[in-house]
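In what follows, a structure is listed as structure tokens, so that the remarks can point back to it.
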Protein chains: 2
Amino acid sequence: MSTERVRHFQEELERLKARLLEMGGLAEEQVRLAVQGLVQRDRALIARVLTSDHPINSLHIEIDSRCFTLIALHQPMAVDLRSIVAAVKINTDLERVGDLAINIAEAALRYANHPPVKRLIDIPNMATIAQTMLRDALDAFVKRDTALAQQVLSADDELDALKTQIFRELLTYMLQDPTTIEPALDLILISRHLERIGDHATNVAEDVIFMVSARDVRHHSADQPSK
Amino acid sequence: MSTERVRHFQEELERLKARLLEMGGLAEEQVRLAVQGLVQRDRALIARVLTSDHPINSLHIEIDSRCFTLIALHQPMAVDLRSIVAAVKINTDLERVGDLAINIAEAALRYANHPPVKRLIDIPNMATIAQTMLRDALDAFVKRDTALAQQVLSADDELDALKTQIFRELLTYMLQDPTTIEPALDLILISRHLERIGDHATNVAEDVIFMVSARDVRHHSADQPSK
């Protein structure tokens, strides 16, 4: 590529990253508001989450289109190509996080129709961990920081432990008092949605490690140097 | 591209498609066996599913690597580029289907520790629909058949209706008899895993429509012709 074309490519790549960060910020905010709506039993806030997925969906389409244009116009190689393919995948993950925020809001709305089962502590904790994982994973992408990506992978165990703990506790409530069955089911679903948000952050972190080092850390495989 | 290079590219693209079909077949088989293990309370079969994810995971890494090589060596444009980026995404979806089969098997193993809650009819039905959606979506990819892809999108509603019906029925059981709470919870989780398999088939179908027509059907957006 000529110097001019290289400069243009790098500028476009920066713009792409900025849009992904923006999308990540929106998805994270949706998760935060959905869980806040759940805890505060705030139907107006929950309703706002349910109708706020449009900006994320527009960005999803725009980012995909930017990725295609970048590959088609600049025919990037090595780490540049891996960055753009990573962006395509991260884009999909972020869009799913937006969908999961909607799923959380839907369950929160049903939950608000019943008396509260318990004071919610672990679910907001799960939400905080999942949001941090997502933010760190995107930071790792933008800065090509594999150490930070590795940190995201470790945080996933914490989320998994909390999910199991929440399940056991709610099961006890359900067995003792059948009137808690319906609302407790919604809390269990919400904890699983939060776990899946952590899984998406994990996907992003794995993509970052592959992008930087061409090393595939998925499926605990041995090192796989790229061609 | 020279004629020779075009021929080589098309051959490699066919090989890529064949590997994706193979992976789809493996994922579908894992789902089928997991649900069969659930229905027949066959622990040996369930155990086999739990330890059989290795071939899918190897294919996941191999297919990703084929996609990178194809883009880097041949710098494809238009529908060819869209096909390869679609393959990257479909690869991710199929790997998740494999993971979901494992999740179903894990829940089936727990379910086998309790007396059966009911005769299972709707869950095997959901599994059949989800498997058909997956197979049709991959066929649509290989044949670039948007009509078939559209059919996959329609089938998703059926899956959703069955999931809601299963939930309502199991909730009734749980409210009437607390000893059914734990096993019924696993059936509810399994129905959600099957619903997600349908979601992955839907993703594949949407990618096929975009690949063929450069029209983005996600988020019910207006037509978006590509450049």
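Per residue, chain A reaches -29500 deg cm²/dmol at 222 nm when only DSSP H runs of four or more residues are counted, each adding -39500 (n - 2.57). With its label point put 7 Å out from Cα toward Cβ, B:D145 sits 4.9 nm from the same residue's point in the other copies, in order from shortest.
In chain B, Cα pairs under 8 Å separated by at least six residues give a relative contact order of 25 percent.
Seen against the Cα atoms of chain B and their longest principal axis, helix B:3-40 is set at about 0 degrees.
Given a cut-off of 19 Å, what percent of all Cα-Cα pairs of region A:70-227 lie beyond it? The calculated P(r) of region A:70-227 puts 59 percent of pairs beyond 19 Å.
About its Cα centre, the protein assembly as shown has a charge dipole of approximately 180 debye under the convention of +1 per Lys or Arg Cβ and -1 per Asp or Glu Cβ, with nothing else charged.
For region B:8-135, a simple Cβ point-charge model (Lys and Arg +1, Asp and Glu -1, everything else neutral) yields a dipole of about 540 debye relative to the Cα centre.
Set the Cα radius of gyration of the protein assembly as shown against 2.2 N^0.38 Å, with N its number of residues, and you get 0.98. Converting phi to 3J(HN,Hα) with the Karplus coefficients 6.51, -1.76 and 1.60 and the offset θ = phi - 60°, region A:101-115 yields 4, 5, 4, 5, 4, 4, 5, 5, 5, 5, 4, 5, 7, 10, x Hz in sequence order, with x at every glycine or proline. Measuring against 27 Å, Cα to Cα, the residue pairs A:K89/A:K143; A:K17/A:K163; A:K89/A:K118; A:K163/B:K17 contain A:K17/A:K163; A:K89/A:K118; A:K163/B:K17 as the ones spanning a longer distance. Using the Cβ-Cβ distance between B:K143 and B:Q36 with R0 set to 30 Å, the FRET efficiency from 1/(1 + (r/R0)^6) comes to roughly 0.55.
Of the residues B:L13, B:Q40, B:I129, the one whose Cα sits farthest towards the positive end of the charge dipole of region B:3-220 is B:Q40 (charges of +1 on Lys and Arg Cβ, -1 on Asp and Glu Cβ, taken about the Cα centre). When the charge dipole of chain B is built from unit charges on Cβ atoms (+1 for Lys and Arg, -1 for Asp and Glu) and taken about the Cα centre, the candidate among B:L120, B:A72, B:G24 whose Cα reaches farthest toward its positive end is B:A72.
Axis angle, to the nearest 10 degrees, between helix A:122-143 and the longest C-alpha principal axis of chain A: 0 degrees. The angle between the Cα long axis of helix A:181-213 and the longest principal axis of the Cα atoms of chain A comes to about 20 degrees, rounded to the nearest 10. For A:S58, inter-copy separations between label points set 7 Å beyond Cα along the Cβ vector come to 4.8 nm, shortest first. How many nm is it between the label spots at A:A72 and B:R135, if each spot is 7 Å from the Cα in line with the beta carbon? In this crude spin-label approximation the distance works out to 3.5 nm.
For the residues of B:70-78, the average number of beta carbons from a partner chain within 10 Å of their own beta carbon is 4.
No value in this document is a laboratory result; all are computed from the given coordinates. As the structure is a computational prediction, the values presented were derived from the model and not from experiment. Because the Cβ atoms are built from the backbone with ideal geometry, glycine has one as well, and the counts that use them run over all protein chains shown.
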